[in-house]
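The values are calculated or read from the model by the stated rules, or taken from the named source; none is laboratory data. Every value quoted in this text rests on a predicted model; they were computed, and no experiment measured them. Here the Cβ is made from the backbone with ideal geometry for all residues, glycine too, and neighbour counts use every protein chain on show.
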Amino acid sequence: MDEFLTIAAASKLIADKKLSPVELTQACIERVKQQDATLHAFILPTPERAMADARAAEARIMAGQSRGALDGIPIGHKDIYNTAGIRTTGHSRLLEHNVPDRDATVVRKWAEAGTVMMGKLSTHEFAMGGPSFDLPWPPARNPWNPEHFTAGSSSGTGAAVAAGFILGGTGSDTGGSIRGPAALCGIAGIKPTYGLVSRAGVLPLSFSMDHAGPMAWTVEDCALLLQSMAGHDAADPASADRSLPNFTADIAKGVKGLRIGVVRHFFETDNPVSPATLQGINHAVDVFEHLGADVRDATLSPLAEYHACGSIILTSEAYAIHEPWLKTRFNDYGELFRDRMAFGGFIRATDYVQALRRRRTLCEELKTAMAGFDILVSASQAAEAPLITEVPKWATMEKPSLTMPFNLTGYPAMSVCSGFGAGDLPICVQLIAKPFDESTLFKAGHAYETAMSTRERRPTLALQEAV
Amino acid sequence: MKPSISEAEFDLLAAQTGLPLNAAQKRTLYDAYWMLEGMIERVNQPMPLDREPAHTFNPEVR
């Protein structure tokens, strides 16, 4: 089976008994066998588990007992999601032999939805740092050109989805770790509202900035995956106790009448993006206007304000988690993680508290600005993927992050592929909605994707190997 | 760009962290320290005394 399917398409074929979950899973396993020696998307493939899951799904479906849209769909988990009986390393030497005895809440929920677990996916060490070449496993590489970076830290998920190893996967996003790899790997990825998805059983980086979310080939697939991830979980103190909408119910209703604000200064002056990225954003704005949205510019504080505040909070909280190991096993961490993280020891308590106070001010600012808009538009990455060997050690500090504002404020934000730029590498646009309004985000993203033709093109590597 | 403090002053701060940093690691961090200083300066911009009780908590632990 050489065809690349979306979750939505595969799900329909499976439901109609025109596609066997076993055959679909075998095709994915074959791709992993052919290409993952190049891409390193997986830390630990679990083909036997996948085949067992697939056979169970097929038996349910043939018996008329389907569990829904995700039954029989091959997925993978970022290797910071605990999997009972299956090694969970955080891509770190410190947890090289760690085997959890319980599934993370999201892992359990996806298993209950009938997904086929293909394995554990590469990340950057403890979901930060990277790309690192001094860890027990190599970094994932970009399927559009393996010499290039995937971004991170959900690097394996981005690479695996783009290469067709899996149809969707889990990511986590503390400063942009879902949206970055989604952008550079040319797929879709959503960081949901803070509190919408449980982080119980997910290795933490920064308690008040960590978000769990899905990544997939299309916006619609992300909506299907989020439906089975979201929901209240008492095991996560930040979990929101509220009813869930049906994320796909209105997804095809278009953007006519939506009020869209373009935070132009973020990507034109605060962190100027590449020519192709800028062209892609401007084209997206044109598409939204053409589809009937009311588009205007929006103004927020400079990106550097959001970045500084988010970075101080993130680094302080992460340092608090890692300090015992940093003091006793400093050189067991990879160079990038330990050097970036060491700065946490230089941040005073008062700096952290001032950052929390400033965070509130910025949340108020964003709320006021969003009163006049349903969606904001910005960039999620400044440029096409760089060479994997040329990512600066201090990349996360040198320029203000385009994604950090929405970790800091907790607003839902999504990266959507907007075409291809220099080196024929993917470019992207970031869409942001009001808290718990993922449905509008999906509606806008789906309308844009539908109007474009970028979803029809797969990485050349995947196509060559699939023949 | 350079940090606002000397390398000797930085070494004192490094010692206070308790991290087992060797000379090369300290030098690497010192060279990048100006970026952290810039962020710390940004979050310490003056605010009114009563601005935002950020440290709230919920007494009803769920």
Go through the residues of segment A:352-369 one by one and say whether even a single one is free of Cβ contacts under 8 Å to residues at least 60 places away in the same chain, of a type in the set (Asp, Glu) and buried (at least 17 other Cβ atoms within 10 Å of the Cβ). no
Going through segment A:65-89 one residue at a time, which ones are surrounded by fewer than 24 Cβ atoms within 10 Å (Cβ to Cβ) and either on the phi > 0 side of the Ramachandran plot or part of a loop (DSSP other than H, G, I, E, B) (or both)? A:GLN65, A:SER66, A:ARG67, A:GLY68, A:ALA69, A:ASP71, A:ASN82, A:ALA84, A:GLY85, A:ARG87
Some residue of segment A:309-321 being within 19 Å of A:LYS399 (Cα to Cα), more than 8 Å from chain B (Cβ to nearest Cβ) and not in a helix (DSSP H, G or I): no
Failed item in (1) at pLDDT 95 or above; (2) at the interface with chain A (Cβ under 10 Å from one of its Cβ atoms); (3) assigned to a loop (DSSP other than H, G, I, E, B), with B:ILE5 passing the rest: (2)
Per the filter on segment A:211-255, residues within 14 Å of chain B (Cβ to nearest Cβ) and touching a Leu at 6+ places or on another chain (Cβ under 8 Å) are A:ALA240
Only one of A:THR150, A:THR157 is in contact with a helix residue (DSSP H, G or I) (Cβ under 7 Å, 6 or more places away or on another chain), under 16 Å from A:VAL32 (Cα atoms), modelled with pLDDT of 95 or more and not in a strand (DSSP E or B); which? A:THR157
Has segment A:357-378 got at least one residue that is polar (S, T, N, Q), modelled with pLDDT of 95 or more and within 29 Å of A:PRO412 (Cβ to Cβ)? yes
Among residues of segment A:49-77, those that are free of Cβ contacts under 8 Å to residues at least 40 places away in the same chain and either under 25 Å from A:LEU203 (Cα atoms) or within 26 Å of the chain's Cα centre (by Cα) (or both), counted: 1
Of the numbered conditions (1) part of a loop (DSSP other than H, G, I, E, B); (2) among the small types (Gly, Ala, Ser); (3) over 28 Å from A:GLY231 (Cβ atoms), A:GLY410 satisfies every one except a single condition; which is it? (3)
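Within segment A:369-376, is there a residue that is more than 26 Å from the chain's Cα centre (by Cα) and either facing another protein chain (nearest Cβ under 9 Å) or more than 26 Å from A:SER418 (Cβ to Cβ) (or both)?
yes
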So, in segment A:386-421, of the ones that are aromatic (Phe, Trp, Tyr) and surrounded by fewer than 24 Cβ atoms within 10 Å (Cβ to Cβ), which residue ends up nearest to A:MET215 (Cα to Cα)? A:PHE420
Report, by residue number, each residue of segment A:34-50 that is under 20 Å from A:THR150 (Cα atoms) and charged (D, E, K, R). A:ASP36
Looking at (1) in contact (Cβ under 8 Å) with a residue 60 or more places away in the chain; (2) under 27 Å from A:ALA382 (Cα atoms); (3) more than 22 Å from the chain's Cα centre (by Cα); (4) within 13 Å of chain B (Cβ to nearest Cβ), can you tell me which one A:TRP325 breaks? (2)
Cβ pairs under 8 Å, 6+ apart or interchain, first in segment A:379-406 and acidic (Asp, Glu), second modelled with pLDDT under 95, ordered by first then second residue, are A:GLU398/A:PRO392
